[in-house]
Each structure stands twice: as C-alpha cells, then as structure tokens.
Amino acid sequence: MTIPLERHTPAANPLRDPADRRLPQIASPCGVVLFGVTGDLAKRKLLPALYDLANQGLLPAGFALTGFGRRDWTNEAFAKMVEQAVRAGARTPFTEATWRGFRGGLRFVRGDFDDPAAFQRLADTLRELDEHRGTAGNQAFYLSVPPSVTPLVCRQLADAHLADPPAGSWRRVVLEKPFGHDLASAIELDAVVGQVFPQEAIFRIDHYLGKETVQNLLALRFANEMFEPLWNSHHIDHVQITMAEDIGIAGRAGYYDGIGAARDVLQNHLLQLLALTAMEEPVTFGSTDLAAEKEKVLSAVCLPREMGHHTARGQYAAGFQAGLPVVGFRDEDGIAADSRTETYAAVRLDIDTRRWAGVPFYVRTGKRLGRRVTEIAIVFKPVPHLPFGAASSAMSPNALVVRIQPDEGVRLRFGAKVPGTALEIREVSMDFGYGSSFTQNSPEAYERLLLDVLLGEPPLFPRRREVELSWQILDPIEQYWAEHGAPEPYAPGTWGPESAEVMMARDGRIWRRP
C-alpha cells in the first residue's frame with residue numbers, strides 16, 4: 001500500500017518580516033526585453049548589472065533576456081556579445097555556473113522599430129519563453145533608445161498586444177532620460193506612453209537615484225537625531241549641489257549639441273538631489289509617500305528674480321587638461337562651429353517653505369572641469385560669537401558634505417584646536433567612506449533600479465508630476481539664455497566661467513573646490 005506523503009506548510013518564521021527591507025528580495029518569474037541592446041549603455045551598464053543580479057541569486061531561475069535590434073544575429077551570436085559585455089563590466093566574479101543559467105534565457109529578435117512583423121516575432125519569442133523558461137507572461141520593456149523613437153516603439157508594442165499582460169501577469173516599460181526636452185514635449189511624451197501603459201507600469205530611470213550615497217542621504221537625515229534639528233534655515237547658510245566631469249562630450253555630439261548641460265543633468269539629476277535634500281520626512285519610504293514629499297519641494301522652488309545675476313552658463317574652450325591638449329567644444333566632431341550649447345550651467349534656486357526660507361540652493365554642472373565629482377554640501381552659518389578672536393577668524397563655516405561619486409561617503413568639516421601652547425583653531429574633517437566602513441561592495445545603481453523594476457517597487461523612480469515640475473523650473477531659465485547670447489568660454493581644468501564666480505560673489509559666497 002502506498003502511503004501518501006503528508007504535505008507540510010512551513011511554519012512562519014517570526015523573525016522574518018516580509019516588510020523588512022534588510023532582507024534580499026528575489027524577483028518572481030519574469031523577463032526583460034531590451035531595445036537598444038547594441039548601444040553603449042546596454043554594454044557598459046545594463047547587461048553587466050543583470051548578470052550581477054543573477055550572480056547574487058536575485059533573479060528567478062528561469063529569467064530571460066531578449067534583445068531587439070537590427071543586427072543579423074542568431075541567439076548564439078547575441079549570447080557571445082552579452083558574454084563579452086559581462087566579462088568586461090560585471091562587478092561580481094564571472095562564474096560558469098551562473099553564466100550557464102543566464103545564457104539559457106538569452107534570445108535575440110532582429111527587426112526595425114517601424115516593422116510590425118518584427119514585433120510579431122517578438123511576441124512569438126515571449127510566448128516561447130513563457131513555455132520553456134517559465135516567465136509567466138511577466139515582461140519589462142527597457143527602452144534604451146533615443147527619446148524620438150520612444151513613441152514609435154510604444155505604439156508597436158500596443159499594436160502587437162505586447163503591452164497587454166495575460167491574466168495574473170504584468171507588463172512594464174522603462175524609459176531613460178531625457179523625458180522630453182521641455183515641459184510641452186514631456187507632457188506629449190507621457191501622453192503617448194500613457195495610452196499604452198498605465199502610470200503604475202511606467203518606470204522613468206534616473207540612475208543617480210540608485211547610487212548608494214543618494215539613498216544614504218535619507219538615512220543620514222532621518223535615522224540620526226543629531227542632523228535633523230539643524231536641517232533648516234536657523235542653522236544652514238546655503239547648500240551647494242555639484243556634478244562635475246573632467247571629460248568632454250566623449251563622442252556624444254549627436255545627442256549633446258542642442259541639449260546642453262542644463263537639460264542633460266540639471267533638470268533631472270540635480271533637481272532630484274535638491275528635492276531629496278530639502279524634503280520633509282515622508283510617512284513611509286514607499287514610492288507614493290516619497291514622491292509626494294519630493295513634489296512638494298519642487299512645487300515650492302522659486303526661480304531667480306534676476307536671471308542674469310543668479311544664473312551662469314559656459315562652454316569649454318581649447319586648452320590643456322591634466323597636462324594634455326584638448327579641443328574646445330566647438331571643435332569636437334559633429335559640433336557646429338557657431339554652437340550655443342552650454343557645457344556648464346549654474347543656477348541659484350530658493351525654496352519657499354518655512355524650513356528653507358532665506359537659504360539659497362546653488363546647483364552647478366559642467367564638463368572639462370577640475371575633477372570628476374558629485375557632492376551635496378550643506379554649509380552652516382558662522383557662529384554668532386567668536387570668543388577665540390583672531391585664532392578662529394580665518395576659519396571657514398562648518399560643512400557637511402555628502403560625496404556621491406567617486407569616493408562615496410560623508411565628510412564633516414569643523415574647527416579644532418591645534419596641539420601646542422598657543423590657542424590656534426584649524427579646520428579638520430571627519431570622514432565616513434563606504435569602502436573603508438563596510439566589507440561588501442556597494443551595488444551598481446542599475447542593479448538596484450533594474451531589480452526594483454522587476455519587483456514592481458518604484459520608490460527611486462521620478463513620477464510624471466516630478467518630471468513636469470522640473471521642466472517648469474528649467475524652461476524659463478532656458479528661455480532667458482536663448483534670448484541673451486552665447487555661453488561664456490572657460491578654460492579646461494578650471495571650475496567654469498568667470499560669470500559663475502561673480503554670481504556667487506554677488507551673494508557674498510564662494511563655490512567649493514571639491
């Protein structure tokens with residue numbers, strides 16, 4: 001007689017809270033369709049990030065990756081390209097066991113974006129993956145394509161019924177910045193995508209929000225009693241947010257010319273950092289509550305009263321950087337000789353709330369600057385009384401600096417007495433660095449963001465309203481610049497045009513030299 005085996009339901013672990021974000025979360029059965037799979041972003045970031053997730057056991061066993069492109073590739077040729085990208089760019093070690101499992105889910109569909117038959121072939125491929133890999137009809141469509149192509153791809157997905165999830169499944173779309181080139185185009189783009197996918201299925205990626213230190217900013221503020229009481233206009237003099245690069249446009253002339261530094265970086269990365277720095281504590285760190293607080297900040301941003309006094313724009317000229325000759329922006333391949341596109345942008349913004357009344361936020365970004373660095377500097381007011389007299393008169397204000405890249409960490413600058421019999425005060429720093437404080441490496445931004453897409457958890461993704469508010473801030477500045485001549489030239493390896501220094505001097509302040 002066969003004795004049936006009793007089926008036991010595992011007892012719930014009282015120590016395992018499903019809402020505990022310290023626990024690793026593994027995506028349910030699913031796949032990713034990558035448009036633009038042969039592009040630089042896919043090879044350098046997306047493919048290595050997906051492999052790293054698989055290597056950490058965070059993707060389902062039957063995960064599938066489908067590439068869509070014009071190359072005349074077989075699945076085997078596509079797999080070879082993916083392997084090369086993974087070996088060159090993965091953060092975790094390459095292992096044959098992980099690669100075999102990952103390789104089994106690779107597919108390639110050849111076609112043009114305007115070819116309906118290609119999208120039917122894609123639909124057939126996804127059905128095959130549902131059957132043989134168990135992807136359960138769950139697919140994320142990652143559009144690593146120029147913004148001008150996004151509406152076409154979305155319409156093709158709709159016509160092929162690929163945006164319609166089977167019962168009990170999901171379909172999501174991932175959009176790369178820029179989300180339009182002004183407010184009108186952003187609204188138009190969102191309308192097109194919104195006709196195909198519901199808002200909760202649209203993920204707008206800003207890779208800066210996936211960086212470890214950006215998220216640490218929330219922990220720094222809200223998990224520590226020592227900082228939040230000082231995080232207001234009573235104690236803070238001003239805030240500087242900097243994203244500087246020491247390279248030129250690096251072959252991106254086709255994208256960059258006509259876009260410029262403000263649209264490329266300020267409208268998205270820097271305004272998101274401003275919102276996270278200035279927002280009130282959210283009820284939870286879920287996507288709805290977090291986005292609501294960011295939207296409040298962006299809606300309270302005030303533009304400069306005098307654009308000419310509180311904005312600056314520049315364009316790098318020819319010269320030397322790190323001892324090597326470099327060409328000017330207008331001499332780069334593909335750039336017009338009379339281009340008025342800025343490679344440097346700086347703006348003063350104020351936030352009309354009780355917490356931040358009278359505290360200016362200075363945001364700047366540029367190429368061919370002194371070094372590659374991204375940071376948020378909270379600069380405190382000087383002490384109201386100096387009992388040390390001349391011993392402390394030359395000391396700079398206290399500052400709390402959140403370093404986002406390249407050396408992720410936090411630095412606190414304050415005054416201390418120099419050892420000896422004389423009373424002399426000197427600036428010193430206390431440093432926290434991720435590399436020296438934790439044994440594990442920080443995940444790449446795209447690892448975290450891609451996993452959040454597959455989990456359906458969008459707290460790190462800007463919502464439609466945030467994008468629109470950001471364009472409402474930038475559009476009047478861009479209009480003023482368009483009406484007031486060309487950007488000011490600046491030498492490579494410096495920290496931007498002279499007008500940026502004058503802008504700060506008018507307020508009695510100076511830029512930090514990171």
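The values are calculated or read from the model by the stated rules, or taken from the named source; none is laboratory data. A quick note: this is a predicted structure, and the numbers were derived from the prediction, not measured. Cβ coordinates were reconstructed from backbone atoms using ideal geometry, including for glycine residues, and neighbour counts include every protein chain displayed.
Consider the stretch 416-439. How many of its residues are at pLDDT below 75 and under 22 Å from the mean Cα position of the chain (by Cα)?
Of the residues in the stretch 416-439, 2 are at pLDDT below 75 and under 22 Å from the mean Cα position of the chain (by Cα).
What is the one condition in (1) hydrophobic (A, V, I, L, M, F, W, C); (2) surrounded by fewer than 21 Cβ atoms within 10 Å (Cβ to Cβ); (3) not in a helix (DSSP H, G or I) that Ala482 does not satisfy?
Answer for Ala482: the failing condition is (3).
Which one is farthest from Leu183 (Cα to Cα), of the residues in the stretch 230-265 that are assigned to a helix (DSSP H, G or I) and modelled with pLDDT of 90 or more?
The extreme case among them is Leu230.
Looking only at residues in the stretch 203-229 that are touching a Lys or Arg at 6+ places or on another chain (Cβ under 9 Å) and among the polar types (S, T, N, Q), which one is modelled with the highest pLDDT?
Ranking the candidates gives Gln215 first.
Collect the residues in the stretch 277-299 that are over 26 Å from Val502 (Cα atoms) and small (Gly, Ala, Ser), keeping them in residue-number order.
Scanning the stretch 277-299 gives Gly286, Ser287, Ala291, Ala292, Ser299.
Table: residues versus (1) among the aromatic types (Phe, Trp, Tyr); (2) surrounded by 23 or more Cβ atoms within 10 Å (Cβ to Cβ); (3) free of Cβ contacts under 8 Å to residues at least 40 places away in the same chain.
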{"site": "Ala261", "(1), (2), (3)": "no, yes, no"}
{"site": "Leu266", "(1), (2), (3)": "no, yes, no"}
{"site": "Ala275", "(1), (2), (3)": "no, yes, no"}
{"site": "Val283", "(1), (2), (3)": "no, no, yes"}
{"site": "Gly286", "(1), (2), (3)": "no, no, no"}
{"site": "Glu293", "(1), (2), (3)": "no, no, yes"}
{"site": "Leu303", "(1), (2), (3)": "no, no, no"}
{"site": "Asp333", "(1), (2), (3)": "no, no, no"}
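Determine whether the stretch 49-58 contains at least one residue that is under 25 Å from Ala250 (Cα atoms) and surrounded by fewer than 21 Cβ atoms within 10 Å (Cβ to Cβ).
Checked against the condition, which is being under 25 Å from Ala250 (Cα atoms) and surrounded by fewer than 21 Cβ atoms within 10 Å (Cβ to Cβ), the stretch 49-58 yields no hits at all.
Which of (1) over 23 Å from the mean Cα position of the chain (by Cα); (2) at negative phi does Val173 not meet, given it meets every other one?
Every listed condition holds for Val173 apart from (1).
For residues in the stretch 383-415 being assigned to a loop (DSSP other than H, G, I, E, B) and either modelled with pLDDT of 85 or more or under 27 Å from the mean Cα position of the chain (by Cα) (or both), which is surrounded by the fewest Cβ atoms within 10 Å (Cβ to Cβ)?
In this case the residue turns out to be Pro406.
Tell me, please, whether a residue that is closer than 22 Å to Ile477 by Cα, modelled with pLDDT under 95 and in a loop (DSSP other than H, G, I, E, B) can be found in the stretch 309-332.
Checked against the condition, which is being closer than 22 Å to Ile477 by Cα, modelled with pLDDT under 95 and in a loop (DSSP other than H, G, I, E, B), the stretch 309-332 yields no hits at all.
Can you tell me which residues in the stretch 182-195 are crowded, with 19+ Cβ neighbours inside 10 Å and either among the hydrophobic types (A, V, I, L, M, F, W, C) or touching a Pro at 6+ places or on another chain (Cβ under 9 Å) (or both)?
Ala186, Leu189, Val193
Condition first: in contact (Cβ under 8 Å) with a residue 60 or more places away in the chain, under 12 Å from Pro147 (Cβ atoms), in a helix (DSSP H, G or I) and touching a Lys or Arg at 6+ places or on another chain (Cβ under 8 Å). Now tell me which residues in the stretch 181-202 satisfy that.
Asp190
Any idea how many residues of the stretch 336-349 are surrounded by fewer than 21 Cβ atoms within 10 Å (Cβ to Cβ) and under 18 Å from Val265 (Cβ atoms)?
2
Among the numbered criteria (1) in a loop (DSSP other than H, G, I, E, B); (2) closer than 18 Å to Ile351 by Cβ; (3) at pLDDT below 95, which single criterion is violated by Val283?
Only one criterion in (1) in a loop (DSSP other than H, G, I, E, B); (2) closer than 18 Å to Ile351 by Cβ; (3) at pLDDT below 95 is unmet by Val283, namely (2).
Within the stretch 446-469, how many residues are touching a strand residue (DSSP E or B) at 6+ places or on another chain (Cβ under 9 Å) and not in a loop (DSSP other than H, G, I, E, B)?
Total meeting the criteria: 10.
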